[in-house]
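The values are calculated or read from the model by the stated rules, or taken from the named source; none is laboratory data. Since the model is a prediction, treat every value here as computed from it, not as a measurement. A quick note on method: Cβ atoms are made from the backbone with ideal geometry, for glycine too, and the neighbour counts reach across all protein chains shown. Quick note on the areas: whole protein, heavy atoms, side chains included, nothing else; ligands and nucleic acids left out. Shrake-Rupley method; radii C 1.70, N 1.55, O 1.52, S 1.80 Å.
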Amino acid sequence: MSHTEVFAPWDDPEATPLISCQDVTKRYGEFTAIERLTLDIFPREFFALLGPSGCGKTTLMRMLGGFEDVSGGRITIDGQDMAGIPPNKRAVNMMFQSYALFPHLTVWDNLAFGLKRSDMAKDQIGDRVEAMLKLVQLQKFAKRKPHQLSGGQKQRVALARALAKGPKLLLLDEPLGALDKKLRQQTQFELMDIQEKTGTTFVIVTHDQEEAMTVASRIAVMDEGRIVQVDTPGRIYEAPNSVYVADFIGDVNVIRGRVSALNGESAELNWGEGKRPIRATAGAGAVHDASGAFVIRPEKVTIATEEPTDRHNRVKGVVEDIAYLGNLSTFHVRLESGDLISAQLANSRRFANRGITWEDPVWLSWSDTAGLVLGD
Amino acid sequence: MRLSSRPVLIGLPYLWLLLLFLVPFGIVLKISLSDVAIAIPPYVPVLDPSEGWAGITGFLSQLDFENYVWLTQDDLYWKAYLSSVRIAAISTALTLLVGFPLAYAMARAPEQWRPSLLMLVILPFWTSFLIRVYAWIGILSNEGFLNQALMGIGLIDAPLTILNTNAAVYIGIVYTYLPFMVLPIYATLEKMDGSLLEAAEDLGCTRLQAFWAVTVPLSRPGVIAGCFLVFIPALGEFVIPSLLGGSDTLMIGKVLWEEFFSNRDWPVASAVAIVLLLILVVPIVLFQRNQERSA
Amino acid sequence: MRRLSAFNVVSLTFGFAFLYIPMLILVVYSFNASRLVTVWGGFSTRWYGELVRNEAFLEAAWVTLKVGLISSTIATVLGTMAAIAMVRGGRFMGRTLFSGMIYAPLVMPEVITGLSLLLLFISIGLERGVMTIVLAHATFSMCYVSVVVSSRLASFDVSLEEAARDLGCTGWDAFRSVTLPIIAPAVVSGWLLAFTLSLDDLVIASFTAGPAATTLPIRIFSSVRLGVSPEINALSTIIIALVATGVIAASLTTKRAILRRQAEERAAA
C-alpha cells in the first residue's frame with residue numbers, strides 16, 4: 001500500500017482505537033481458548049490475525065462479531081461496550097469462510113438481504129445494491145443464484161454482501177481460503193483496493209502468512225490463545241520478538257547458545273567451545289549470560305567457495321542439498337558443529353553456474369546486522 | 001439457535017409424545033398387571049382417585065404378574081413367540097438371498113441407469129402395503145396364477161397348496177420388505193471403490209475370489225442393517241400372516257390382535273405386547289450398535 | 001461403458017420381475033369381465049363402475065383422505081419442531097427421553113402402538129372416530145417427519161443462519177427467511193411420507209377407529225379376508241396408478257432440476 005508509511009495510527013498516542021479488547025478471556029468449560037488478551041485496532045486499519053489452527057484467532061473474530069460471549073474482560077467497538085449485544089445489533093459484518101451465500105436467493109437478493117433489515121428506505125436499497133455490484137464488478141450476475149457462480153465470483157458476492165450495510169468493521173474469516181493460488185494472489189490486491197475505497201476497518205483471520213504479509217497494515221501473531229507479537233508486516237519479518245514468530249513467518253535459521261555480550265544495539269552469541277561468537281543485532285528478550293537464539297533469514301546468508309576474511313561472521317560447512325526453485329536456489333549446508341544452515345541466492349541469470357554442487361566445502365557468511373539475537 | 005420460542009419449540013412435540021406415546025405405554029404396562037373382568041373397561045382394578053391415598057395403595061396391591069405367569073403356562077404364547085422369531089428369521093434370510101444379487105447388480109449397472117433402478121426399487125414402497133400383500137392371494141391360491149402356470153408347463157399335475165401356509169408368509173414378507181434389504185446393501189456397494197477389485201485381481205485373485213475377499217466383507221454393514229430392517233418389523237407383523245398364513249401360522253402380532261378383539265382379554269393382550277417389546281429390544285440394540293459402528 | 005455380466009442381468013431381471021409382476025397381474029385382471037378373478041373373461045371396465053357406485057368404499061376413501069391430510073399436516077409441524085429441537089436445541093432436560101420417544105415409534109410394532117393408543121383413548125373417555133385416528137397417525141408419522149427433516153438439518157451449514165443474523169435478522173427471522181426455505185424440500189418429503197403412511201395404515205387405524213369411522217384400508221382388509229374380489233383389483237389399480245404417477249413425476253422433476261443445476265455449475269466454474 002502506497003500510504004503505509006504515513007498511515008500509522010498505532011504510533012500516535014492521540015489516536016482513538018475503533019476496537020479495544022481489554023483482558024479478554026474465553027473459556028469453554030475447562031479449555032481456555034483466549035487468555036487475557038489486550039489489543040487495539042484503529043479505524044481504517046487492515047488488521048490480520050495470524051496463527052496456526054486452534055490458536056484462538058477464529059474465536060476472537062467470532063467474539064467481535066457477537067457469535068460468542070466473552071467469559072472475561074471487555075470488548076468495546078467505537079467506545080461502546082459490546083457485552084450482550086447480539087450480532088444483528090452490531091455495526092459489524094462478517095464474511096464467512098464458507099461464504100454462507102443464501103442458496104435460495106439470487107445475487108441481488110443476497111446483497112439486499114441485510115439492507116431490507118435495516119432502516120434504509122426501499123427505493124434506496126436498489127441503488128445501494130447496484131453500487132455494491134459495481135464495486136465488485138458483478139453487475140451482469142445480479143440475477144444468478146449462488147450455484148451459478150464460480151468460486152471467485154462467490155467470494156466477491158460474499159464480500160459485497162458484508163459491505164452493503166456500510167459496517168464500521170468488517171470481519172473476514174479466511175476469505176481467500178477456498179480459492180486456488182493464482183486467483184488468491186489476484187484477489188488479495190482487489191481486497192486491498194476495496195478496503196481503501198470504502199475506508200472500512202478490516203479484520204482478517206488467516207493461517208496463510210504470505211496473505212497476511214500482503215494485505216495487512218498490522219499483523220497479530222497468535223499462539224495458544226495469546227498474542228505473541230503485534231506489528232507491521234515489515235517489523236514482524238525483520239524484527240520478530242521471539243523464535244516462535246521468526247519461525248512462523250517465512251524461513252529462518254536458528255542457532256542456540258548463550259548471550260556472551262550485550263551492548264546497546266548489538267549482541268554476541270556464544271554457540272560452542274572454540275567457535276567465534278556470532279555478532280548480531282540485539283533483539284527482544286536477549287539477556288546477558290542467559291540462553292539465547294540467533295535467527296537469520298536464508299536470503300541474508302552469503303555462500304562462497306573462498307573464505308570471506310572481511311566478515312566477522314563466517315562459518316565452514318559442506319553442501320548437503322540444493323533446492324532449485326526457479327527464481328531462487330536454496331543451499332542446505334551442514335556445519336562442522338552439526339547445525340544445518342540454509343542460504344538463499346537469487347537466480348538473476350539464466351542457467352548460472354556457480355560452480356557449487358553437492359558435497360562441496362563452502363563458506364557461509366553474514367553481516368553483523370543481518371541476524372538477531374533473541375531470548376530463548 | 002437462540003430462538004425466543006425455544007420452550008414452545010421443544011415443549012410442544014415433547015408434550016405430544018409424552019401424552020400420546022409414553023402415557024399409553026404406561027397404561028399398557030399397568031393393564032398387563034391387572035385382571036380381566038366382565039365390565040367396562042374389562043379389567044380390574046381401576047384407579048379411583050376419589051379414594052385418595054388408600055385408593056392408590058389398594059390399587060397397587062391388586063396388581064400382579066398373573067398374566068405373565070399365564071403366558072408361560074399356556075404353550076400357545078411361547079410357541080407363538082418362537083414361531084414369530086423363526087418365521088422372521090427365515091424370511092430375513094430369504095430376503096437377503098433375493099436382495100443381495102439385486103443390490104449388487106444395481107451397483108454394477110452403468111451409472112446413468114442407477115437413479116432409475118433405485119426409483120424402481122423404492123416405487124413399490126410408496127404403494128399400499130395392503131394391496132401388495134393382497135396381490136399374492138390371487139397368485140398363490142390353489143386355482144391361482146402360479147399353479148396355473150406350473151401346470152401349464154407340465155411341471156406339476158395337481159395344484160400346490162401354498163396359500164394359507166407358512167411358505168406364503170415367507171413370500172409375502174420377502175416381497176413387501178425387499179426394498180429395506182436392497183437399499184442399505186446397495187448404498188454400501190455403490191460407495192465401494194472399483195479400484196479395490198482391480199487391486200485384488202492385480203494381486204492374483206480371480207473374479208470370484210475378489211468378490212469373496214473384498215466385496216462381501218465391505219458390504220457387511222449394509223447386509224447387517226438390511227437384515228435388521230427386515231427382521232424387526234417382520235417379528236411383529238400382523239397383516240401378512242392374517243392374509244397369507246393359515247390357521248396354524250402362529251405369529252405374535254396375530255395372537256395379540258385376536259386376544260384383544262376376539263377374546264377381549266385386555267390384560268393378557270397387554271402382557272403379550274410387553275413381552276414382544278422385550279424380545280424386540282435385543283435386535284434393536286444390536287442394530288443401533290451396527291449403525292453407530294458403520295457411521 | 002462397462003457391460004453388465006450375464007449374472008447381473010439375470011439378477012436385475014428376476015428381481016424386478018418379482019417386484020412388479022404381482023402388481024401387473026392385479027392391474028391386468030382389474031379389466032377382467034369375469035367375476036372369477038383368475039380366469040380371463042375378456043376386457044371390461046365393469047368393476048370400476050361398480051366401485052364408483054359402492055358408497056361404502058367412497059365413504060371410506062373420503063375418511064381416509066381427511067385423516068391423511070389433517071394428520072400429515074399436524075405431523076409435519078410437530079416433526080419439524082422436534083427435528084429442530086433435536087439438532088439445534090442444545091441441551092435441555094430430558095433430551096435422551098425425547099430422542100428415545102422420537103425413535104421408538106419407528107421400530108414399535110404397529111399392533112402395540114395401536115393397542116396402547118386405544119387403551120389411552122378408552123381410559124380418558126375419548127370417543128373413537130376420525131379424531132382419534134388423526135391423533136394416532138399424527139403421533140407415529142411425526143417421528144418419521146422428524147427423522148427426514150433432522151437429517152437435512154444436520155447437514156445444514158450453520159454459518160448461513162449466522163450470516164443472516166450478522167446482516168440484521170433476529171433468531172426467528174433468520175430461521176424463517178433462510179433456514180426454512182432451504183430445508184423446505186425435506187419438510188415437503190416429510191409431509192408426503194406422513195400422508196402415505198396414513199393412507200396405508202391398517203393396524204393402528206383398526207385399533208383407534210372404533211365403529212364410527214372406517215378407513216379405506218380397514219374396508220379393503222375386511223373384504224379381502226374373504227378372498228380376491230375384482231372390485232378390490234380395480235381399486236388397487238387406481239391406487240397404484242396414482243402413486244406411480246406421483247412418484248415418477250416427482251423423481252423426473254428432481255432429476256431434471258439436478259441435471260440443470262449440474263450444467264449451470266459446470267458453466268460457472
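Conditions (1) assigned to a helix (DSSP H, G or I); (2) open to solvent by less than 10 Å² (accessible area, probe 1.4 Å), marked per residue:
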site: C:80; (1), (2): yes, no
site: C:83; (1), (2): yes, yes
site: C:101; (1), (2): yes, yes
site: C:112; (1), (2): yes, yes
site: C:117; (1), (2): yes, yes
site: C:125; (1), (2): no, no
site: C:136; (1), (2): yes, yes
site: C:143; (1), (2): yes, yes
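Scan the stretch A:140-158 for residues that are more than 7 Å from every other protein chain (Cβ to nearest Cβ) and of a type in the set (Ser, Thr, Tyr) and report the count.
Number of matching residues: 0.
Output the number of the condition that residue A:272 fails; it satisfies all remaining conditions of (1) open to solvent by 50 Å² or more (accessible area, probe 1.4 Å); (2) modelled with pLDDT under 90.
(1)
For residues that are more than 9 Å from chain C (Cβ to nearest Cβ) and open to solvent by 40 Å² or more (accessible area, probe 1.4 Å), scanning just the stretch B:135-146, find the one that is modelled with the highest pLDDT. Steps first, please.
Going residue by residue through the stretch B:135-146, those that are more than 9 Å from chain C (Cβ to nearest Cβ) are B:140, B:142, B:146.
Filter once more, keeping what is open to solvent by 40 Å² or more (accessible area, probe 1.4 Å): B:142, B:146.
On the way: B:142: 87, B:146: 91.
Ranking the candidates gives B:146 first.
Regarding the stretch A:40-50, can at least one residue be identified that is assigned to a loop (DSSP other than H, G, I, E, B) and small (Gly, Ala, Ser)? It would help to see each step written out before you state the result.
Restricting attention to the stretch A:40-50, the residues satisfying the condition of being assigned to a loop (DSSP other than H, G, I, E, B) are A:42-45.
When the remaining residues are screened for being small (Gly, Ala, Ser), the result is none.
Looking for residues that are assigned to a loop (DSSP other than H, G, I, E, B) and small (Gly, Ala, Ser), one finds none in the stretch A:40-50, hence no.
Being within 28 Å of residue C:176 (Cα to Cα), outside any helix (DSSP H, G or I) and of a type in the set (Gly, Ala, Ser) is the requirement here; does residue A:100 meet it? Give the derivation first.
Values: within 28 Å of residue C:176 (Cα to Cα): yes; outside any helix (DSSP H, G or I): yes; of a type in the set (Gly, Ala, Ser): yes.
Yes: the conditions hold for residue A:100.
Within the group C:151, C:123, which residue is under 30 Å from residue A:88 (Cα atoms) and modelled with pLDDT under 95? I'd like the intermediate steps shown before the answer.
On the way: C:123 fails: under 30 Å from residue A:88 (Cα atoms).
Answer to the check: C:151.
Return yes or no: is residue C:43 surrounded by fewer than 19 Cβ atoms within 10 Å (Cβ to Cβ) and touching a strand residue (DSSP E or B) at 6+ places or on another chain (Cβ under 6 Å)? Lay out the reasoning, then the answer.
Values: surrounded by fewer than 19 Cβ atoms within 10 Å (Cβ to Cβ): yes; touching a strand residue (DSSP E or B) at 6+ places or on another chain (Cβ under 6 Å): no.
The answer is no for residue C:43.
Of the residues A:285, A:317, A:326, A:292, only one is on the phi > 0 side of the Ramachandran plot and either in contact (Cβ under 8 Å) with a residue 40 or more places away in the chain or surrounded by 13 or more Cβ atoms within 10 Å (Cβ to Cβ) (or both); which? Give the steps one after another, and end with the answer.
Details: A:317 fails: on the phi > 0 side of the Ramachandran plot; A:326 fails: either in contact (Cβ under 8 Å) with a residue 40 or more places away in the chain or surrounded by 13 or more Cβ atoms within 10 Å (Cβ to Cβ) (or both); A:292 fails: on the phi > 0 side of the Ramachandran plot.
So the residue among A:285, A:317, A:326, A:292 that is on the phi > 0 side of the Ramachandran plot and either in contact (Cβ under 8 Å) with a residue 40 or more places away in the chain or surrounded by 13 or more Cβ atoms within 10 Å (Cβ to Cβ) (or both) is A:285.
For the condition basic (Lys, Arg) and more than 23 Å from residue A:192 (Cβ to Cβ), what is the one hit in A:161, A:117, A:128, A:156? Working first, answer last.
Numbers: A:161 fails: more than 23 Å from residue A:192 (Cβ to Cβ); A:128 fails: more than 23 Å from residue A:192 (Cβ to Cβ); A:156 fails: more than 23 Å from residue A:192 (Cβ to Cβ).
Among A:161, A:117, A:128, A:156, only A:117 is basic (Lys, Arg) and more than 23 Å from residue A:192 (Cβ to Cβ).
Out of curiosity, is residue B:276 away from chain C (no Cβ under 11 Å), touching a residue at least 40 places away in the same chain (Cβ under 8 Å) and surrounded by 20 or more Cβ atoms within 10 Å (Cβ to Cβ)? Spell out how you get there, then give the answer.
On the way: away from chain C (no Cβ under 11 Å): no; touching a residue at least 40 places away in the same chain (Cβ under 8 Å): yes; surrounded by 20 or more Cβ atoms within 10 Å (Cβ to Cβ): yes.
The answer is no for residue B:276.
If you go through the stretch B:221-232 one residue at a time, do you hit one that is β-branched (Val, Ile, Thr), more than 9 Å from every other protein chain (Cβ to nearest Cβ), within 16 Å of the chain's Cα centre (by Cα) and open to solvent by less than 10 Å² (accessible area, probe 1.4 Å)?
yes
Quick test for you: out of A:98, A:53, pick the one residue that is open to solvent by 30 Å² or more (accessible area, probe 1.4 Å) and outside the structural domain of residue A:178 (by TED's automatic domain parsing). Walk me through how you get there before you give the answer.
Numbers: A:53 fails: outside the structural domain of residue A:178 (by TED's automatic domain parsing).
On inspection, the qualifying residue turns out to be A:98.
When you scan the stretch C:229-245, do you find a residue that is part of a loop (DSSP other than H, G, I, E, B) and either at pLDDT below 90 or over 18 Å from residue C:105 (Cβ atoms) (or both), even just one?
Filtering the stretch C:229-245 for residues part of a loop (DSSP other than H, G, I, E, B) gives C:229.
Filter once more, so that each one left must be either at pLDDT below 90 or over 18 Å from residue C:105 (Cβ atoms) (or both): C:229.
Yes, that holds for at least one residue.
Hey, among the residues in the stretch C:5-34 that are more than 10 Å from chain B (Cβ to nearest Cβ) and among the polar types (S, T, N, Q), which one's surrounded by the most Cβ atoms within 10 Å (Cβ to Cβ)?
For the stretch C:5-34, the residue satisfying everything is C:30.
To keep it simple, each residue is scored yes or no on (1) part of a strand (DSSP E or B); (2) among the hydrophobic types (A, V, I, L, M, F, W, C).
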{"position": "A:316", "(1), (2)": "yes, no"}
{"position": "A:321", "(1), (2)": "yes, no"}
{"position": "A:326", "(1), (2)": "no, no"}
{"position": "A:332", "(1), (2)": "yes, no"}
{"position": "A:341", "(1), (2)": "yes, yes"}
{"position": "A:345", "(1), (2)": "yes, yes"}
{"position": "A:350", "(1), (2)": "no, no"}
{"position": "A:355", "(1), (2)": "no, no"}
{"position": "A:358", "(1), (2)": "no, yes"}
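In the set A:84, A:151, which member is within 27 Å of the chain's Cα centre (by Cα) and open to solvent by 10 Å² or more (accessible area, probe 1.4 Å)? Outline the logic, then answer.
Details: A:84 fails: within 27 Å of the chain's Cα centre (by Cα).
That would be A:151, the only listed residue that is within 27 Å of the chain's Cα centre (by Cα) and open to solvent by 10 Å² or more (accessible area, probe 1.4 Å).
Pull out all pairs, ordered by first then second residue, where Cβ-Cβ is under 8 Å, the residues are six or more apart or on different chains, the first lies in the stretch A:116-143 and is free of Cβ contacts under 8 Å to residues at least 40 places away in the same chain, and the second is among the basic types (Lys, Arg).
Cβ pairs passing all conditions: A:120/A:128; A:125/A:116; A:132/A:161; A:137/A:156; A:138/A:156.
Let's see how each residue does on (1) under 20 Å from residue C:233 (Cα atoms); (2) open to solvent by less than 70 Å² (accessible area, probe 1.4 Å); (3) at pLDDT 95 or above; (4) facing chain B (nearest Cβ under 10 Å):
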residue	(1), (2), (3), (4)
C:3	no, no, no, yes
C:36	yes, no, no, yes
C:39	yes, no, no, yes
C:50	yes, yes, no, no
C:57	yes, yes, no, no
C:68	no, yes, yes, no
C:74	no, yes, yes, yes
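Give me a count of the residues in the stretch B:147-169 that are surrounded by fewer than 21 Cβ atoms within 10 Å (Cβ to Cβ) and either at the interface with chain C (Cβ under 10 Å from one of its Cβ atoms) or under 23 Å from residue C:218 (Cα atoms) (or both).
Going through the stretch B:147-169 one residue at a time, the tally reaches 2.
Note down all Cβ pairs under 7 Å where the first residue falls in the stretch C:183-208 and is farther than 17 Å from residue C:148 by Cβ, the second is at pLDDT below 95 and among the basic types (Lys, Arg), and they're at least six residues apart or on different chains.
Partner pairs satisfying both residue conditions: C:208/C:128.
Would you mind listing the helices (runs of 4 or more DSSP H) fully within the stretch B:237-295 where at least 1 residues are within 26 Å of residue B:175 (Cα to Cα), touching an Asp or Glu at 6+ places or on another chain (Cβ under 9 Å) and at pLDDT 90 or above? Walk me through it before giving the result.
Numbers: elements: B:239-244, B:252-261, B:266-294.
Correct list: B:239-244, B:252-261.
Do the conditions hold for residue A:212, that is, is it surrounded by 15 or more Cβ atoms within 10 Å (Cβ to Cβ), assigned to a helix (DSSP H, G or I) and in contact (Cβ under 8 Å) with a residue 40 or more places away in the chain?
Numbers: surrounded by 15 or more Cβ atoms within 10 Å (Cβ to Cβ): yes; assigned to a helix (DSSP H, G or I): yes; in contact (Cβ under 8 Å) with a residue 40 or more places away in the chain: yes.
The answer is yes for residue A:212.
Being open to solvent by less than 10 Å² (accessible area, probe 1.4 Å) and not in a helix (DSSP H, G or I), is that true of even one residue in the stretch C:177-199?
Checked the stretch C:177-199: no residue is open to solvent by less than 10 Å² (accessible area, probe 1.4 Å) and not in a helix (DSSP H, G or I).
Just the residues that are open to solvent by 40 Å² or more (accessible area, probe 1.4 Å) and closer than 19 Å to residue B:110 by Cα, please, taken from the stretch B:189-206.
First pass over the stretch B:189-206, keeping only residues open to solvent by 40 Å² or more (accessible area, probe 1.4 Å): B:190-191, B:193-196, B:198-199, B:201-206.
Across the stretch B:189-206, the qualifying residues are B:190, B:191, B:193, B:194, B:195, B:196, B:198.
Is it true that some residue in the stretch C:207-223 is touching a helix residue (DSSP H, G or I) at 6+ places or on another chain (Cβ under 8 Å), more than 13 Å from residue C:61 (Cβ to Cβ), more than 8 Å from chain B (Cβ to nearest Cβ) and hydroxyl-bearing (Ser, Thr, Tyr)?
Yes.
Across the stretch B:94-134, what is the total count of residues that are without any contact (Cβ under 8 Å) to a residue 24 or more places away in the chain, open to solvent by 10 Å² or more (accessible area, probe 1.4 Å) and either under 24 Å from the mean Cα position of the chain (by Cα) or more than 7 Å from chain C (Cβ to nearest Cβ) (or both)?
So the answer is 12.
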